[in-house]
Each structure stands twice: as C-alpha cells, then as structure tokens.
2 protein chains.
Amino acid sequence: MKIQPLLTYINKIVTLTEDEELYFASKLVYRKYLKGQYILQQGDICNTSCFIISGCVKMFYVDDLGQEHIIMFGVENWWASDLGSFISHAPSDFNVQCIENTELIQISRSNIEKAYSKIPKLERLFRIIIEKAYVASQKRIVRNFSMSAKQRYLVFKQSYPEIEQRIPQYMVASYLGITKEFLSKIKSQIANQH
Amino acid sequence: MKIQPLLTYINKIVTLTEDEELYFASKLVYRKYLKGQYILQQGDICNTSCFIISGCVKMFYVDDLGQEHIIMFGVENWWASDLGSFISHAPSDFNVQCIENTELIQISRSNIEKAYSKIPKLERLFRIIIEKAYVASQKRIVRNFSMSAKQRYLVFKQSYPEIEQRIPQYMVASYLGITKEFLSKIKSQIANQH
DNA sequence: AAATAATATTAAACTAGATTAACATTTAAT
DNA sequence: ATTAAATGTTAATCTAGTTTAATATTATTT
C-alpha cells in the first residue's frame, strides 16, 4: 500500500511513533480511480475522507438550473471530502469527481474516530489541518467580495500555476465563479495589454 | 469572572473534569469593551481568541479603496478572532470592532498551547469547533456563487433573525457583499410583492 | 424642542459580467 | 487521415448590481 506520501505529510505536523504509524496505517484504505469516476455524489452521505496521492479531482455541485459550480480542486497531498456531510452524516451537497486517473487513501468516519481515541495526537493533527483549510476558505470569501474576476483569475494563476496547466479552462472559470466566455475575454485582455 | 457561558458551551462538546475546568479557567481573561472599541486592528498580530459572553462585534477589512467589507458578525457564544493571524503570527487582514458594549473571554496563543498540552481533550474541542466553522464558511462560498443578492438576504434573515434586529441595515448589506442602496431596493421589492 | 449626526430611500445613469449564438481550434476515436 | 467530440473564441445583446446624488427618516445630543 502506497501510504508513504500521507505519512510524510503527517510528520510535518505531528510526530508519530512507529507503533502509532502502524496502527493508523491499519485504518487506511488505498484506492485507485479512473478519470471520470465519482468518489462522492451529491445526495450520498460522505463516509470517507480522502488524501490524494496522485491525480486530480474536482469538487462541485449542480444547482437547481443544472449548472455546475466547482468549489475546489484537489491534487497531490490535498484532502477531498464533504466535511459537512462527513461530520454530520447528512446527504452531501457536493460531487467529487476525478479529472485525471487518481490514487488516494481513504479513511472512514468510524476508523478516524477510533484513531482519535487511540492516538490523541491525531486530534491535534486534524485540528491544524482544518484550521488551515478554514483560513484559506475565509480568504477566498474575502477575494470573492473585493476583487474583480480578472484579479481573482490572476491570483488563481499565481497560487496554483500547476493546476491551471492540468485542467480545461471552463473548469477554471467555474471555480472562479464566472462563465467560460468571460474568462476567455479576460485572457485576451491580459494577452493584449502590453 | 463570568466564564460560565464558555464552560457550558464547552461541555456540550467535550466533558472536562473539575480540575481541567479550573486549569483552563486559569488561562482565560475576562474583559469588557465599549461600543466602538476595537478588539483587533488590521495590521496588528492577533494574539488572542475571543469568546463572546454578551454584545455584538463585526469583523471586517478595509480595502485599498477605503471600502469596508464585513466578513462576519459575532454575538453571544460565538468566537471572534483572525485565525489566520492567530496561528501564523502574521499581521491581521481584519478589524474586529464592537457594535454594542461587549463582554468576552480571551485566551492567548501561548495559553491555548499550554492548555492543549495539559488537556489533549481541548485539541478535540477546537477541532470540532473549527470543523463547524469551516463547513459554514464553505456553505457561504456556495451561496455567494449560486444565489442572487435577494436570495442571500432572505437566507441571512432566516438564519440570523436576531442579528438583523441588532445592526444597521448598511452593515447587513456589507456582509451580503452588496451596496446599501441595493439592499434597500431588495427590501422594497420584497415588501411590495404580495 | 431644535439641531445635528446617523441611517435609509429613491431614481437615473452606468458597468461588470451573463447569455446567446455562431464559429474556430484542439483532442480523441475510428 | 477523417470524423466526431470536446474545448475555446468572438461579438451582440441583456441584466444584476453599482455609482452618484438628492431627499427622507430616525436617533442622539444639547
């Protein structure tokens, strides 16, 4: 099982003993998905949290008008799950779909709870992980309120240059909350402005 | 020191022994602010997290054009702090200002770290608190992307009816990410539509 | 009670971004 | 190599929300 990337990631935040690593590893499931497959579907209950080893996923929801809104992308060393559904057993508002062949590590709700009890350090680990995710989420709200679409695109480009290369432009537009046509216009503006 | 509301709040999430409560309480500072006073100012480092006992605060930032954007309100039993600044010692992007006389309980970064070490259960407590905050933040991003200003206003009204009563309308507009003039228009539309 | 400051309303002109639709280009499949 | 499918571009028209500015209302202070 290729869990080394996850252990490396964890050890940057907390230090686990060999026994703890072994125990935690026993609670994990390694899994491969093909491009196009769904890890989670809107309406289902999200029972696992996924740590991405390789590949790329999009998290999105489809609104009443059938329009897709991408909430986030996930690549190597990112977590993907609908935490709201995961923690409260509620039907998920989101889909998580692979946009590349993807390898990931899953941990189920019951197993993560067992691991928390056995290794309290993991509470610390996930507190810190979620703190960071929350801060990033707040910053995104701020950007959405005070920046134009063009500025948001430039921030995205600068923050995630590798992601932009890997996904079609219409998905970037969806992530930015604008239409693909308008992103196209923005890009030609940028290209012609010097 | 009036920390009972905080202990009551905590005990809904984790169970502390009497000793643990005493230890934790020894790390807290009770404080009163007057309407208009700042708990945190943009550019300062946020060194404390605040639990509100009574009163109301707004968290906002002022953009390059001098415009104020309200990120959240805090009332009884809510936390207020710039977590990004708090966890990374970085200058804060936000102001937190009292819009009513406010009583709150502060815990400093160093004291919360001490408390985490002494009482690992607190890691769990704050993991759970931040999980909830993160989920709420994600939901707000979704709303901002897929709902009109009118719909967002109606959701706000329904979610926080008590808050709407306590704050001026132009602050609601700022929180919703629209101008006060447009909120006024929305309200008259709603009033005239039956 | 009058005066001032703070908050809210209304309406006209304006703009960022959406919608529609036609066309161009790239990628994948046969 | 050809075709079909997916992705990207361009331009005209439209709309949700902004800006500006004048006026009205409500609180607060003296």
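Table for the structure above
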item	result
Residue match in the range A:39-55 (condition: within 16 Å of DNA strand D (Cβ to nearest atom) and part of a loop (DSSP other than H, G, I, E, B))	yes
Test: residue in the range A:106-117 that is aliphatic (A, V, I, L, M) and either on the phi > 0 side of the Ramachandran plot or within 16 Å of DNA strand D (Cβ to nearest atom) (or both)	no
Residue that is under 22 Å from B:GLY177 (Cβ atoms) and crowded, with 20+ Cβ neighbours inside 10 Å, where the choices are B:CYS46, B:CYS50, B:CYS56, B:CYS98	B:CYS56
Residue match in the range A:180-187 (condition: away from DNA strand C (no atom under 11 Å from the Cβ) and surrounded by 14 or more Cβ atoms within 10 Å (Cβ to Cβ))	yes
Top-ranked residue in the range A:148-159 [being of a type in the set (Ser, Thr, Tyr) and within 22 Å of the chain's Cα centre (by Cα); ranked as least open to solvent (accessible area, probe 1.4 Å)]	A:TYR153
Residue match in the range B:126-144 (condition: within 14 Å of DNA strand C (Cβ to nearest atom) and either modelled with pLDDT of 95 or more or not charged (D, E, K, R) (or both))	yes
Members of the range B:61-86 found to be buried (at least 21 other Cβ atoms within 10 Å of the Cβ), of a type in the set (S, T, N, Q) and facing chain A (nearest Cβ under 10 Å), listed by number	B:SER85
Failed criterion for A:ALA136 (all others in (1) closer than 29 Å to B:ILE87 by Cα; (2) among the aliphatic types (A, V, I, L, M); (3) open to solvent by less than 40 Å² (accessible area, probe 1.4 Å); (4) free of Cβ contacts under 8 Å to residues at least 40 places away in the same chain hold)	(3)
Residue list for the range A:160-179, filter: assigned to a helix (DSSP H, G or I), more than 11 Å from DNA strand C (Cβ to nearest atom) and either surrounded by 13 or more Cβ atoms within 10 Å (Cβ to Cβ) or among the acidic types (Asp, Glu) (or both)	A:GLU162, A:ILE163, A:GLU164, A:ARG166, A:TYR170, A:MET171, A:VAL172, A:TYR175
Per-region count, the range B:155-165, residues in contact (Cβ under 8 Å) with a residue 24 or more places away in the chain and farther than 14 Å from B:MET72 by Cα	1
Matching residues in the range A:109-145 - criterion: being closer than 27 Å to B:LEU65 by Cβ, more than 7 Å from chain B (Cβ to nearest Cβ) and either touching a Cys at 6+ places or on another chain (Cβ under 9 Å) or small (Gly, Ala, Ser) (or both)	A:ALA136
Tally, over the range B:175-189, of residues that are farther than 10 Å from B:LYS150 by Cβ and more than 7 Å from DNA strand D (Cβ to nearest atom)	4
Conditions (1) farther than 24 Å from A:PHE60 by Cα; (2) surrounded by fewer than 16 Cβ atoms within 10 Å (Cβ to Cβ); (3) without any contact (Cβ under 8 Å) to a residue 24 or more places away in the chain; number of the one not met by A:LYS118	(3)
Subset of the range B:145-159 [of a type in the set (Gly, Ala, Ser) and within 11 Å of DNA strand C (Cβ to nearest atom)]	B:SER146, B:SER148
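One line per residue, one yes/no per condition, for (1) out of contact with any Cys (no Cβ under 9 Å at 6 or more places or on another chain); (2) part of a strand (DSSP E or B):
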| position | (1), (2) |
| --- | --- |
| A:PRO5 | yes, no |
| A:ILE13 | yes, no |
| A:LYS32 | yes, yes |
| A:PHE60 | yes, yes |
| A:ILE71 | yes, yes |
| A:GLU76 | no, no |
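The values are calculated or read from the model by the stated rules, or taken from the named source; none is laboratory data. The model shown is predicted, which means the values in this text are computed figures rather than measured ones. All Cβ positions, even for glycine, are placed from backbone atoms using ideal geometry, and neighbour counts span all protein chains on display. Remember, those area values only see protein heavy atoms, side chains included, never the ligands or the DNA or RNA. Shrake-Rupley method; radii C 1.70, N 1.55, O 1.52, S 1.80 Å.
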